[in-house]
C-alpha cells in the first residue's frame, strides 16, 4: 500500500467534486484560524514540513510497496490549522509532479489533513506521558492511530465510489494498425493501461471474496507493516526533537522531554 492518494479518472465526478468543496471549506476555516492566532513563526515551518513531506513520500519501501508519509510529524509540529494549509500545498505540488491528481486534489487534501490533525490531537492528549520520557512512544502511537484511521477513510471513499479496485486497471497491448486492444501484454504493440468501460467486468473474485474485500485486506495488512515502520521513524524523530528543541513539538521550553530542565 502506498500513501493514501486517489489518482485522476478513478472516482466519479460527484465524489471528486465533493472533495474539492470539502477542501475549500477546510482551508477557509484554517486560514481564518491561523490569521486569528497570528503565529507568523509557523509560516516558515509550514514550508519546511510541506517540502519534507514531498521528499519523504517519494521514498518507497520496495518489498511491501509502502511510501512513508511524514504527515503525523508535520501535524505534531504545525498543528491542525497550519497543517491544513500544508496539506493543500503538498497535494498541489505532488499533482504537478505527476504523483498525485488534479481532479482529486480536494479529496487528497482532506485525507492528508486528517492524518496530520489526528496525529496532532493524539500526541496532544499523550503530552503528559511525553514529559515523563515517553515522547518517542507517544509519537509512535499517534502515528499508528492516525494512519489506521486515514486508511479506513480511504477505503470508505473507494467503497462509496462503487469502483472495484481489482478491475479498475486493465493491462494489455495496443495494436496501432487496427486501433484495438489485446489483453495479452505479450502480443506486441504498445503497452497499455486503461480504465474498463461500463461493459467490461473482468473476473476478479477469488474464494467468494469481492475485489474490494481483497483490496481492503491487502491495504490493511500491508499498511500495518508500513505503520510499524513509520511509527518507529516518527517516534525516534519526535524523541530527538524533545531532547534538543522540545518547544517545537509543544513541550515546555527548557524541558528535555524527560521532565528535566536543560542547561
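Nothing in this text is a laboratory measurement; each read-out follows from the coordinates by a stated rule. As the structure is a prediction and not an experimental result, all values here were calculated from the model. Here the Cβ positions follow ideal geometry from the backbone for every residue, glycine too, while neighbour counts run over all protein chains shown.
Note on the range 81-146 and the range 228-252: Cα centroid distance 14 Å, given to the nearest whole angstrom.
The residues 146, 124, when put in order of fewest to most other Cβ atoms within 10 Å, stand as 124, 146. Of 160, 251, the sequence from fewest to most neighbouring Cβ atoms within 10 angstrom is 160, 251. Counted residue by residue at 0.36 nm each, then reduced by the alpha carbon distance between them, the extension gain from residue 39 to residue 99 reaches 18.5 nm. A simple spin-label model places pseudo-atoms 7 Å from Cα toward Cβ; at residue 236 and residue 248 they are separated by 1.6 nm.
As a rough guide to protection, the peptides 66-74, 133-141 ranked by mean Cβ packing within 10 Å, highest first, stand as 66-74, 133-141. Placing dummy labels 7 Å off each Cα toward the beta-carbon, the span from residue 225 to residue 29 is 3.7 nm. Exposure proxy ranking for 116, 121, based on other Cβ atoms within 10 angstrom of each Cβ and starting from the fewest, stands as 121, 116.
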